[in-house]
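The values are calculated or read from the model by the stated rules, or taken from the named source; none is laboratory data. Values in this document were obtained by computation on a predicted structure and should not be read as measured data. Don't worry about glycine lacking a Cβ; one is built from the backbone with ideal geometry, like all the others, and counts go over all protein chains shown. The area values use the complete protein model at the heavy-atom level, side chains included, leaving out ligands, DNA and RNA. Shrake-Rupley method; radii C 1.70, N 1.55, O 1.52, S 1.80 Å.
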Amino acid sequence: MSSRLIEISEALQEAVASMEFAEPVTDVYHPLEYAKPLHDAYLETYGAKTPREVLLVGMNPGPWGMAQTGVPFGDVDFVGEWMGLEAPVGKPENEHPKRPIDGLDCPRNEVSGSRLWGWARERYGEASNFFERYFVHNYCPLLFLEESGRNRTPNKLKADERRELFEPCDEALRQLVDYFEPDYVIGVGAFATKRVKKALKSYEGEKPVIGRILHPSPASPKANRGWAEQAENELREVGVEL
């Protein structure tokens with residue numbers, strides 16, 4: 001039941017809620033908190049079916065994606081129109097002036113999300129068809145911003161901060177694997193794949209096949225040369241039948 005997913009999400013948010021991060025991080029966004037209604041709508045609408053063949057795991061929220069919607073890779077157009085989700089979104093406790101949160105009214109699109117969900121729409125048509133086989137989760141639920149507004153990725157945090165943060169993120173991922181019983185857990189990008197391997201190393205259940213696909217970030221020159229085709233090839237190599 002999707003209520004179990006909400007329990008996992010709430011426990012993860014509670015575990016990271018009071019964590020503090022040193023400079024150059026100046027602002028931390030908690031979309032599982034201020035965008036909880038929309039995040040929960042994602043879990044309730046598309047998370048109830050189990051088992052699920054493929055669990056895709058991203059890194060952490062982007063400022064124009066999950067930070068706006070609470071949905072992993074949550075480009076506003078795809079969340080609102082393709083997924084058909086709608087719910088109010090609040091504001092982070094400290095909102096950076098260069099990274100405002102406007103929910104589904106955000107005027108910008110997240111390229112990574114447009115690519116990932118665009119591929120899902122192109123390949124599977126309706127969102128419900130995609131979610132019959134797949135579910136998408138972000139390993140870390142927090143967005144880290146520097147004073148300039150620049151996004152600071154979790155791998156660049158201080159070592160002690162990473163250790164504290166990654167422990168509940170690992171546990172949430174293991175609980176998701178328990179819930180979905182996937183045949184494949186696929187990291188989207190190098191960081192997510194590394195964390196999947198670390199988290200599932202101590203997993204006591206039947207271990208899924210772990211794979212990796214290219215991250216769809218526009219900062220990746222390789223991803224800018226036909227991301228969807230490359231990602232499909234990588235999925236096939238792991239054993240996923242498209």
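Values computed for the structure shown
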{"item": "[x] 1.00; [y] 0.93; [z] 0.95, with the label sought being that of the calculated Rg/Rh (Cα atoms, Kirkwood Rh)", "result": "[y]"}
{"item": "Value of [θ]222 nm, deg cm²/dmol, for the chain, DSSP H segments ≥ 4, -39500 (n - 2.57) each, nearest 500", "result": "-12500 deg cm²/dmol"}
{"item": "Average accessible surface area per residue within the chain, 1.4 Å rolling probe, Å²", "result": "46"}
{"item": "Protection proxy ranking of 129-141, 86-98, 161-173 - average other beta-carbon atoms within 10 Å, highest first", "result": "129-141, 161-173, 86-98"}
{"item": "Whole-angstrom gap from the stretch 157-195 to the stretch 1-54, using each part's C-alpha centre", "result": "13"}
{"item": "Span-like helix ranges in the chain, DSSP H, alpha carbon extent 20 angstrom or more, Kyte mean at least 0.0", "result": "2-16"}
{"item": "Under-5 Å amide H pairs with D27, H placed in peptide plane, nonlocal only", "result": "L145"}
{"item": "Residue-level accessible surface for W119, protein heavy atoms, 1.4 Å, Å²", "result": "20"}
{"item": "With every protein chain in place, the stretch 1-107: carbon and sulfur % of accessible area (1.4 Å)", "result": "48"}
{"item": "Flagged links, alpha-carbon separation over 25 Å, of K156/K222; K91/K198; K98/K194; K156/K197", "result": "K91/K198; K98/K194"}
{"item": "DSSP beta bridges in the chain [antiparallel fraction, %, rounded to 5]", "result": "25"}
{"item": "Protection-proxy order for peptides 204-215, 183-194, each taking the mean of Cβ atoms within 10 Å per residue, highest first", "result": "183-194, 204-215"}
{"item": "Burial order of peptide ranges 71-77, 154-160 (average beta-carbon count within 10 Å, highest first)", "result": "71-77, 154-160"}
